[in-house]
Amino acid sequence: MTLDLDFVRAQFPAFEEPSLDGWAFFENAGGSYMCRPVYDRLTRFYRERKVQPYAPYPASEAGGAEMDEARARLAAMMGIDTQDLSFGPSTTANTYALAQAVRAWLKPGEAIIVTNQDHEANTGPWRRLAEAGIEVREWQIDPATGHLDPERLEEMLDESVRLVCFPHCSNVVGEINPVSEITAIAHAAGAFTCVDGVSYAPHGIPNVGDLGADIYLFSAYKTYGPHQGIMAIRPALARELPNQAHYFNGETLYKRFTPAGPDHAQVAACAGMADYIDALYAHHHDAPADPATRAAAVHDLMRAQEVTTLAPLLDYLGNRNDLRLLGPATAASRAPTVAVDLNRAAEPVARQLAAHKVMAGGGDFYAVRALQAQGIDPAKGVLRLSFTHYTTPAEVTQLITALDQVL
Ligand SMILES: Cc1ncc(COP(=O)(O)O)c(C=O)c1O
């Protein structure tokens with residue numbers, strides 16, 4: 001069974017948009033195209049339901065019900081309880097609020113572990129806990145490969161470590177980290193885990209229940225949805241951490257770490273992400289299945305498609321001796337988020353690619369520490385070529401042809 005790309009692309013209004021025609025999109029790790037069900041729900045909300053939700057009149061009831069639907073359906077697909085999923089303005093805002101809670105929860109002398117592979121969103125807010133007397137230990141990547149070695153983590157853990165923060169996948173290294181294995185190591189030492197799934201979730205919604213992470217975060221706007229951060233927190237940890245919301249909302253777990261008022265329309269429109277996954281499932285499979293099974297099947301279809309599409313790009317880049325590919329050279333062990341260190345500044349090269357109707361980005365992508373750790377000057381930056389399951393082999397060929405011209 002392979003992914004039906006025509007069907008997939010028919011679910012995205014961007015592929016019908018004349019102004020985008022002929023443009024190959026390779027900055028998906030920055031933000032993906034939005035799928036049609038999200039777009040339709042968002043515009044419907046603004047047109048028909050743009051009133052305060054949860055009040056006793058039809059427009060409001062429909063808006064509130066749609067917000068609840070989004071939470072319930074996404075949680076079911078992620079293998080977690082509805083109450084364990086919350087929405088916030090962005091992953092950065094979500095980690096910031098969580099870090100405030102952890103700051104009040106930990107005692108001076110206790111420790112957390114952060115990495116230098118993460119995007120700043122899942123490392124900077126945690127590092128600031130040092131200001132409160134918390135010991136911050138850095139789990140470092142291999143400077144040559146960008147790899148984060150779980151054995152190294154094991155050596156760093158002791159009874160004072162309460163939390164380990166790491167990415168499911170870095171937005172510049174691209175390697176998929178073994179979240180279950182790392183979480184098991186942390187749990188065995190008595191520590192919780194906080195996983196940044198922002199660069200992973202667009203490649204297939206993970207079963208967060210099975211992964212075992214105590215906190216799992218990702219961004220809907222990079223996963224075919226609206227501009228929201230999605231956060232899963234296990235109740236055992238959620239109840240230990242102090243409430244960050246209005247005092248009377250703290251017992252409602254999905255409000256407890258989201259001090260910002262919800263963006264009603266965008267939360268509701270997140271139900272469209274579940275619609276999209278269900279539409280892909282129904283198109284490719286006959287057997288009825290529960291939401292987590294449907295999401296897992298779609299995840300596997302997406303990943304298989306991406307692995308096949310990525311191989312020629314990795315081959316091409318691997319055969320050039322004027323650049324350095326960050327992260328693994330094998331498609332199966334990485335996301336199709338491919339950063340390359342060039343012999344010059346990356347941003348002007350991205351600009352040159354645009355002349356060939358290729359949308360890509362150059363810069364540090366807020367992974368400043370990860371670049372520095374690999375000996376790359378963040379000011380020079382890396383060229384990032386990132387795609388998802390909806391990208392065609394022809395678009396990859398267009399990219400390779402353009403790279404041949406500009407490099
Ligand atoms: C890996 C990773 N983590 C976190 C973030 C921050 O997400 P948000 O923009 O939702 O704050 C990004 C954004 O680029 C990212 O790529």
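For the range 36-59, does any single residue satisfy the condition of being of a type in the set (G, A, S) and buried (at least 19 other Cβ atoms within 10 Å of the Cβ)?
Our first condition is that a residue be of a type in the set (G, A, S); within the range 36-59, this holds for 55, 59.
Retained after the next criterion (residues that are buried (at least 19 other Cβ atoms within 10 Å of the Cβ)): none.
Checked the range 36-59: no residue is of a type in the set (G, A, S) and buried (at least 19 other Cβ atoms within 10 Å of the Cβ).
Scanning the range 272-295 for any residue that is open to solvent by 30 Å² or more (accessible area, probe 1.4 Å), of a type in the set (G, A, S) and under 24 Å from S60 (Cβ atoms) turns up nothing.
Among the residues of the range 379-407 satisfying the criterion of being without any contact (Cβ under 8 Å) to a residue 40 or more places away in the chain and touching a Phe, Trp or Tyr at 6+ places or on another chain (Cβ under 9 Å), which is most open to solvent (accessible area, probe 1.4 Å)?
Of the range 379-407, the ones without any contact (Cβ under 8 Å) to a residue 40 or more places away in the chain are 379-381, 394, 404.
Add one more test, that the residue is touching a Phe, Trp or Tyr at 6+ places or on another chain (Cβ under 9 Å), and what stays is 381, 404.
On the way: G381: 0, D404: 90 Å².
The qualifying residue most open to solvent (accessible area, probe 1.4 Å) is D404.
Between Y276, Y281, Y247, the distinction of being among the aromatic types (F, W, Y) and touching a residue at least 40 places away in the same chain (Cβ under 8 Å) belongs to Y276 only.
Output yes when any residue across the range 84-92 is away from the ligand (no atom under 16 Å from the Cβ) and either of a type in the set (F, W, Y) or modelled with pLDDT of 95 or more (or both), and no when none is. Please lay out each step first, then the result.
Quick first cut of the range 84-92, residues away from the ligand (no atom under 16 Å from the Cβ) only: 84.
Next, from what is left, pick out any that are either of a type in the set (F, W, Y) or modelled with pLDDT of 95 or more (or both): 84.
Yes.
On the basis of being farther than 30 Å from P108 by Cα and either away from the ligand (no atom under 16 Å from the Cβ) or of a type in the set (S, T, Y) (or both), does A265 make the cut? Full working, then the answer.
Numbers: farther than 30 Å from P108 by Cα: yes; either away from the ligand (no atom under 16 Å from the Cβ) or of a type in the set (S, T, Y) (or both): yes.
Here the answer is yes, as A265 does meet what is asked.
Identify all residues within the range 77-96 that are small (G, A, S) and surrounded by fewer than 22 Cβ atoms within 10 Å (Cβ to Cβ); write none if there are none.
Residues satisfying the conditions are G79, S90, A93.
Would you check if P108 is open to solvent by 10 Å² or more (accessible area, probe 1.4 Å) and assigned to a loop (DSSP other than H, G, I, E, B)? When the stated conditions are applied, P108 passes them.
Name every residue in the range 331-382 that is farther than 26 Å from E138 by Cα and within 22 Å of the chain's Cα centre (by Cα), in order of residue number. Step through it out loud before you land on a result.
Pass one, the range 331-382, residues farther than 26 Å from E138 by Cα: 331-332, 336, 342-362.
A331, A332, P336, M359, A360, G361, G362, listed by residue number.
Within the range 169-180, residues that are within 12 Å of the ligand (Cβ to nearest atom) reach partners that are in a loop (DSSP other than H, G, I, E, B) and among the polar types (S, T, N, Q) with beta carbons closer than 7 Å, at six or more positions or on different chains, in the pairs C169/N177; C169/S199; S170/Q117; S170/S199; N171/S199; V173/Q117.
Reported count of residues in the range 188-238, each being of a type in the set (D, E) and within 16 Å of the ligand (Cβ to nearest atom), is 1.
Taking R128 as the residue in question, decide whether it is away from the ligand (no atom under 13 Å from the Cβ), within 30 Å of L371 (Cα to Cα) and not in a helix (DSSP H, G or I). Answer is no for this residue.
Could you please let me know if L74 is under 30 Å from V136 (Cα atoms) and buried (at least 18 other Cβ atoms within 10 Å of the Cβ)? Criteria not met by L74. The test for being open to solvent by 10 Å² or more (accessible area, probe 1.4 Å), modelled with pLDDT of 95 or more and touching a strand residue (DSSP E or B) at 6+ places or on another chain (Cβ under 7 Å) holds for K357. Where helices (runs of 4 or more DSSP H) sit wholly within the range 310-407, those with at least 2 residues that are more than 16 Å from the ligand (Cβ to nearest atom) occupy 346-354, 393-406.
The values are calculated or read from the model by the stated rules, or taken from the named source; none is laboratory data. Nothing here was measured: the structure is a model prediction, and the numbers come from that model. Cβ atoms come from the backbone with ideal geometry, glycine included; neighbour counts cover every protein chain shown. For the accessible areas, the whole protein counts, side chains as well, though only heavy atoms, and no ligand, DNA or RNA atoms are used. Shrake-Rupley method; radii C 1.70, N 1.55, O 1.52, S 1.80 Å.
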